[in-house]
1. Suppose we filter the stretch 332-368 for residues that are of a type in the set (A, V, I, L, M), more than 23 Å from HIS501 (Cα to Cα), in contact with a Ser or Thr (Cβ under 7 Å, 6 or more places away or on another chain) and surrounded by 24 or more Cβ atoms within 10 Å (Cβ to Cβ); how many remain?
2. Give the residues of the stretch 146-163 that are in contact with a Ser or Thr (Cβ under 7 Å, 6 or more places away or on another chain), surrounded by fewer than 24 Cβ atoms within 10 Å (Cβ to Cβ) and over 17 Å from GLY68 (Cα atoms), sorted by residue number.
3. Please name all residue pairs, on different chains or six or more residues apart, with Cβ atoms under 7 Å, provided the first residue is in the stretch 490-514 and is under 21 Å from SER367 (Cβ atoms) and the second residue is charged (D, E, K, R) and part of a loop (DSSP other than H, G, I, E, B).
4. I'm trying to understand the selection: among the residues of the stretch 387-412, which are hydroxyl-bearing (Ser, Thr, Tyr) and part of a loop (DSSP other than H, G, I, E, B)?
5. Which residue pairs have Cβ atoms closer than 8 Å, lie 6 or more positions apart in sequence or on different chains, and pair a first residue in the stretch 414-443 that is of a type outside the set (Ser, Thr, Tyr) with a second residue that is modelled with pLDDT under 95 and surrounded by fewer than 18 Cβ atoms within 10 Å (Cβ to Cβ)?
6. Any chance the stretch 318-331 includes a residue that's in contact with an Asp or Glu (Cβ under 7 Å, 6 or more places away or on another chain), of a type in the set (Val, Ile, Thr) and either free of Cβ contacts under 8 Å to residues at least 24 places away in the same chain or in a loop (DSSP other than H, G, I, E, B) (or both)?
7. Looking only at residues that are under 26 Å from the mean Cα position of the chain (by Cα) and of a type in the set (A, V, I, L, M) in the stretch 419-446, which one is farthest from PHE53 (Cα to Cα)?
8. Please go through the stretch 91-143 and give me each residue that is among the small types (Gly, Ala, Ser), within 27 Å of THR66 (Cβ to Cβ) and either buried (at least 19 other Cβ atoms within 10 Å of the Cβ) or under 25 Å from the mean Cα position of the chain (by Cα) (or both), ordered by number.
Amino acid sequence: MRSLGALAGAAALTALGTGAPAWAAAPDGHGTRSSTATPIKHVVVLFDENISFDHYFATYPKAANTDGTKFTASKKTPKDIDTLANAGLLTKNPNQYAPKRLTPSQAMTCDQNHAYGPEQYAYNGGKNDQFVQNTDSGKCSGNLFGEPGLVMDYYDGNTVTGLWNYAQHYALNDRSYSSNYGPSTPGALNLVSGQTHGVISVDPATGTENPKQTSTPDSYTVQSPDAKGVGTVVNDPDPAYDDCSGKDHTSKNALAAMQGQNIGDVLNSKKVTWGWFQGGFRPSTAWDGKQGDYAKCDTTHTNVGGAAVVDYSPHHSPFEYYKSTSNPHHLPPKSVDEIGHNGQANHNYDLTDFDAALKAGKLPAVSFLKAAEYQDGHAGYSDPIDEQHFLVSEINAIQKSPQWKSTAVVIAYDDSDGWYDHAYAKPRNGSTDTSTGSNGKATDSPACQAGPAPAGGYQDRCGPGTRQPLLVVSPYSKVNKVDHTQTDQSSIIRFIEDNWHTGRIGDHSFDATAGSMAGMFDFRHPNNKQVLLNSDGSVQSVGPIHPVKAVATSITPGPAMQNTAASTDASSFPALPVGIAAGALVAAGGTGTFLTLRRRERAGA
């Protein structure tokens, strides 16, 4: 049996077998007895949107305490944290504007430019001095807060109090980056596969592969296509295997289908339970079972700014890009027992399904959680206060569940939104795409073009990209620890692969070279803490873990939910082989966000 080689701090956990600790072969709580390399039997990844590390942790652990929720740091908080304040860049900053603190009343801000190329140019090869020129949003519209140089601004522990308190009681990494530059979809794909190459363009009307050679190639969906039409994702095209893509299949924008495999495929091959749980995934109008018709995902919630936002975003749902792991019609699981296993939902669920499985003590081994859009933290339609409500609610529920004692919660982000961050990572994987980008410059910056040759020859994967927060909340995480190991989004799937002995994804996935998360854990000395927070992020209680019994639960129907599916097998959907027209995709739908804000994101979200 292989040891968790990546977890250098867990040397005692090697050679698990005869004489292994009791947890090594204990059931995962949901019908399987898969041995793990650590005491972690459940990984729950809360994957939020568009935050740079400095945007939330610029002055950590020192908060102004002039407004919002009061925050007082432990005297044992580490001093050597790579923050904007410690770097001396709060006032003496090389950018056009100095950073400014945002107050809780300024939570609803403009969205910034976070496209693949502009993010590169903002860093200016490590000088980090061109953010205003490249990623600043400019003027704001509606009731969103904006000011000159907004891209430079940051929140402190009086607004993002919950995240600061999780960092105080658990582990924070201050050197975690996007696997490569770019917006939401590349970040989500890297989370589940470590790979953004392998995309083909799909016609939304016919479900067939778009022509490879046309006078106006689909450069939004497929960047740098080869002779077979296979290229790289650098933007936010909607997934091909999703009824709700393209605004219920009414948009003419091309859809994207990914080749290759992802962590879901790998976990399936080892019979490890898993699921992707997303707010708004349960359709507002169920699929009627007819070929060519589509489910609709139009359920909305109102954010703290008073704007109604459609819950579900297809391009935030990475497993829907792959035929093997998609649930095109958004079919619900038939029962709580089915969650995490093969079934008509094919591992893609609504957030309410996660809550049901959690209470029932039937949590899958690996769970990915995506908030409804109003709570995902994305500027323009969400905010740090709504995001905090989501994080606190879910983590409190997990800590009060039967599975908490063997769970690791990972809080991570898909991209930086273009928000300023002073910490630059020199490219480890270069790219030499000289085609003209949206900013009128070469798509890849001089720094990316001068980087190491692209792995596999796949262009447009220059990275690491921007720096984002990464936290681990677990009975086995170190306490008030700031880890300086350089990691990226695919470090999360590397931990999953090593913990369940699955092997790597392959095809130059970044999982093979990703940094280890070992420095955030202490498996020999569990903290055995239950830290519950209030909705404003303040600490409600800190105490030992209390045993909790499972309770009987059932699936929560969505609006007018009817399971009228004539076919529930994902294999009924075409494989979309390269070079072959793939037949009708029974998949389409709606990007589901609101008005001009999402149209702006279409140009770089």
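The values are calculated or read from the model by the stated rules, or taken from the named source; none is laboratory data. No experiment lies behind these values; they were computed from the predicted model shown. All Cβ positions, even for glycine, are placed from backbone atoms using ideal geometry, and neighbour counts span all protein chains on display.
1. Step one: list which residues in the stretch 332-368 are of a type in the set (A, V, I, L, M), which gives 336, 339, 345, 351, 356-358, 360, 363, 365-366.
Add one more test, that the residue is more than 23 Å from HIS501 (Cα to Cα), and what stays is 336, 345, 351, 356-358, 360.
Subsequent filtering for residues that are in contact with a Ser or Thr (Cβ under 7 Å, 6 or more places away or on another chain) retains 336, 356, 358, 360.
Those left that are additionally surrounded by 24 or more Cβ atoms within 10 Å (Cβ to Cβ): 358.
Count: 1.
2. GLY146
3. From residues that are under 21 Å from SER367 (Cβ atoms), the pairs are GLU497/ARG504; TRP500/LYS270; HIS501/ARG2; THR502/LYS270; ASP511/ARG504.
4. Going residue by residue through the stretch 387-412, those that are hydroxyl-bearing (Ser, Thr, Tyr) are 393, 401, 406-407.
Residue satisfying the conditions is SER401 alone.
5. Once the first residue is of a type outside the set (Ser, Thr, Tyr) and sits in the stretch 414-443, its partners that are modelled with pLDDT under 95 and surrounded by fewer than 18 Cβ atoms within 10 Å (Cβ to Cβ) give ALA442/SER435; ALA442/THR436.
6. Looking for residues that are in contact with an Asp or Glu (Cβ under 7 Å, 6 or more places away or on another chain), of a type in the set (Val, Ile, Thr) and either free of Cβ contacts under 8 Å to residues at least 24 places away in the same chain or in a loop (DSSP other than H, G, I, E, B) (or both), one finds none in the stretch 318-331, hence no.
7. ALA425
8. Correct list: ALA107, SER137.
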